[in-house]
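*Asks:* Below is the structure I would like to discuss, written out as structure tokens.
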Amino acid sequence: MRTNEYAPFLSKVLSVQKHTDIEYTFRMAYEGIVKPGQFFEVSIPKFGEAPISISGYGDGYVELTIRRVGKVTNEIFEYYEGDSLFIRGPYGNGFDLDDYRGKELVVVAGGTGLSPVRGVIDYFASNPEQVKSLKVIAGFKSPSDILFFEDIARWKKTSQVILTVDCGEADFECSIGFVTEHIPKLKFEDVSKAAAIVVGPPAMMHFSSLELMKIGFLEKNIWISQERKMCCGIGKCGHCKINDVYVCVDGPVFNYTKGKTLID
Amino acid sequence: MGYRLTKKGLNAALTDLSRQYKLYAPHRYVNQGEFSDTDSIRYGEIKTADDMELLEKSSHTFKEALIPISETFFFFTEDNIKESERIHTGAVIFLRSCDLHAVKRLDEIYLNNGAEDYYYKRLRDKVKFVLLGCVSSFENCFCVDMGTNISTEYDASLDVRDGQYYIDCKFSDWDSIFQNNAEEILDVVPSHVDQTTIQVSLPDTDTINTEKVIKNSMWDEYDTRCIACGRCNFSCPTCTCFTMQDIFYTDNGKAGERRRVWASCMVDKFTDVAGGGSYRNKHGARMRFKVLHKVVDYRQRFGYHMCVGCGRCDDVCPEYISFSHAVNKLSRVAKEG
């Protein structure tokens, strides 16, 4: 029997965590192996499908952080605990934790870019002995846009976390400025062996990677994750193609040596 | 085995074939061209030799028989999802050498790049191909330079000379059909062209500096010339992109379907991501993306060029943009380094 990759299956909403008015994390029932940075196609029949990256995972579930910005995601926000959504996946390569084990690791995330790397940060923040050190720079537009506030507080116990906003007054500890402004302040034992993950809008990834290299990071030790329109998730629909690469099957995670060559 | 048939014999053979297959071939739609008093030649279901337009190039390709313009995947009712029915009859597609080479490109994407496409596969398994010989090249063709002017992997070939039809049959199940209706059994080699008026020089994909080529100003002219209508993509036998669409039926909002529809990298919204991001907003950037895909990066990924040189993109462009001209310019720019 040939498998139909386009056939979605029902997955129960186990819980919903609200971060902001337009960003919720849906914990969905899922049995199977996933990697942070991979994605699912989430759908509601008659409304459509949307690619959503895995923001967390555990025994019997995956977490999908969804921003309410379109036809499908608007409708998803009408679904709550006990309801079911259709999903198919996981797709894409995801982050390989072995690339970061035993290293000084810094994760630079902008906005919802924190979602695909949350699984990586969570893993190493809970298993701090598996990395030399863990640093996180998480940037948001304003205090009201901050995601995973409780996670950030938890990560602080085992890692250095710089939470920064582009502008605005906050009633909690938080820096002001773009993520790039905080990169030069980072201290490493041997920056030439340190690893970095940079995820966010294209310009933010570009300039953050340049800043990291300015302080001594090697290109090959930087990883980025690309966001593109992915209709099929299996290398067919063409929307996510850049140069000779299909982001959905070859990515979305790329080592910077490859990632820097991808020009839209 | 080769055969010579009269028109009557060919019609009898086509009738035999149509018991098992739907027959798709270029057909002349009189007065349906884009200008008044012009005809449109595109693929349609045929029954007889006269239904086939064998002397001119079709402006649109066979590909809609393999990847329908709109293809339903699932039907939705209140609580159920039902897969669309598979088609039980086979199909025979009559096509020229360039187009038969294009089938290999469709297969590459739908069967080999990532997971196998279930819907493509179930149609593809039922399709047979009849090669239409080319005696001379048509306007805008450059198959010879693309290496697609000769095809050998056909189920049968068809050539017409002096009112007689010559067939080379490679699919043994069909031999009896042609033999029963043949005037003569003889060796038949399908005709092919050895030269075309339009010629292209291809860039060296091993040494090309893609970043430099992308930044070259050669693409700027297309910012204004190209109107992003996507006709080049829709007439291209090798373009495979699509968009997934869910709809609900307007008279019963509880029922609907999920389908895929053809998409074009030249048309607005192709790259839109949720939240307002988009890429390649300038039409020149889209032209560059398309040209590099056809003659540079597809080859870097799969080892052979995507473009088959059928020239249809040039035939149909309402702005008279020439793809082959762009390829030649690209090669010059690439050589300059």
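The values are calculated or read from the model by the stated rules, or taken from the named source; none is laboratory data. The structure displayed is predicted, hence computed values, not measured ones. All Cβ positions, glycine included, derive from the backbone under ideal geometry; neighbour counts span all protein chains shown.
*Asks:* Tell me which residues, restricted to the stretch B:1-44, are among the small types (Gly, Ala, Ser) and in a strand (DSSP E or B).
*Replies:* Matches in the stretch B:1-44: B:2, B:25, B:40, B:44.
*Asks:* Here's another thing I want to ask about it. Check whether at least one residue in the stretch A:149-160 is in contact with a helix residue (DSSP H, G or I) (Cβ under 7 Å, 6 or more places away or on another chain) and within 12 Å of another protein chain (Cβ to nearest Cβ), and report yes or no.
*Replies:* no
*Asks:* In the set B:208, B:198, which member is under 30 Å from residue B:301 (Cα atoms), within 14 Å of chain A (Cβ to nearest Cβ) and in contact (Cβ under 8 Å) with a residue 40 or more places away in the chain?
*Replies:* Among B:208, B:198, only B:208 is under 30 Å from residue B:301 (Cα atoms), within 14 Å of chain A (Cβ to nearest Cβ) and in contact (Cβ under 8 Å) with a residue 40 or more places away in the chain.
*Asks:* Being closer than 28 Å to residue B:117 by Cβ and outside the structural domain of residue A:87 (by TED's automatic domain parsing) is true for just one of A:242, A:224, A:215. Which residue is that?
*Replies:* Being closer than 28 Å to residue B:117 by Cβ and outside the structural domain of residue A:87 (by TED's automatic domain parsing) holds for just one of A:242, A:224, A:215, which is A:242.
*Asks:* If you go through the stretch A:189-206 one residue at a time, do you hit one that is in contact with a strand residue (DSSP E or B) (Cβ under 7 Å, 6 or more places away or on another chain), within 30 Å of residue B:114 (Cβ to Cβ), touching a residue at least 40 places away in the same chain (Cβ under 8 Å) and assigned to a loop (DSSP other than H, G, I, E, B)?
*Replies:* yes
*Asks:* Now, a different point. Return yes or no: is residue A:27 of a type in the set (Lys, Arg) and facing chain B (nearest Cβ under 10 Å)?
*Replies:* Spelling it out, it is not the case that residue A:27 is of a type in the set (Lys, Arg) and facing chain B (nearest Cβ under 10 Å).
*Asks:* On to the next question. Which of (1) in contact with a Pro (Cβ under 7 Å, 6 or more places away or on another chain); (2) over 21 Å from residue B:163 (Cα atoms) does residue B:53 not meet, given it meets every other one?
*Replies:* Of the numbered conditions (1) in contact with a Pro (Cβ under 7 Å, 6 or more places away or on another chain); (2) over 21 Å from residue B:163 (Cα atoms), the odd one out for residue B:53 is (2).
*Asks:* If you don't mind, there's one more thing I want to ask. Take the residues in the stretch A:233-260 that are at the interface with chain B (Cβ under 7 Å from one of its Cβ atoms) and over 19 Å from the mean Cα position of the chain (by Cα); name whichever of them is farthest from residue B:294 (Cα to Cα).
*Replies:* Taking the candidates together, the pick is A:234.
*Asks:* Could you tell me which residue of the stretch B:264-277 is surrounded by the most Cβ atoms within 10 Å (Cβ to Cβ), considering only residues that are within 8 Å of chain A (Cβ to nearest Cβ) and β-branched (Val, Ile, Thr)?
*Replies:* Applying the filter and picking the extreme gives B:271.
*Asks:* Being within 13 Å of chain A (Cβ to nearest Cβ), under 30 Å from residue B:149 (Cβ atoms), touching a residue at least 12 places away in the same chain (Cβ under 8 Å) and not in a loop (DSSP other than H, G, I, E, B) narrows it down to one of B:213, B:261, so name that one.
*Replies:* After applying the criteria, what remains is B:213.
*Asks:* Something else now. Considering A:47, A:9, which residue is at pLDDT below 95, more than 9 Å from chain B (Cβ to nearest Cβ) and within 30 Å of residue B:251 (Cβ to Cβ)?
*Replies:* The unique qualifying residue is A:9.
*Asks:* Give me the pairs: first residue in the stretch B:242-255 and at the interface with chain A (Cβ under 8 Å from one of its Cβ atoms) and among the β-branched types (Val, Ile, Thr), second residue surrounded by fewer than 15 Cβ atoms within 10 Å (Cβ to Cβ) and outside any strand (DSSP E or B), beta-carbon distance under 9 Å, and six or more apart or on different chains, which are they?
*Replies:* Partner pairs satisfying both residue conditions: B:243/B:269.
*Asks:* Also, quick follow-up: Collect the residues in the stretch A:240-264 that are at pLDDT 95 or above and touching a Ser or Thr at 6+ places or on another chain (Cβ under 7 Å), keeping them in residue-number order.
*Replies:* Within the stretch A:240-264, A:252, A:253, A:256 qualify.
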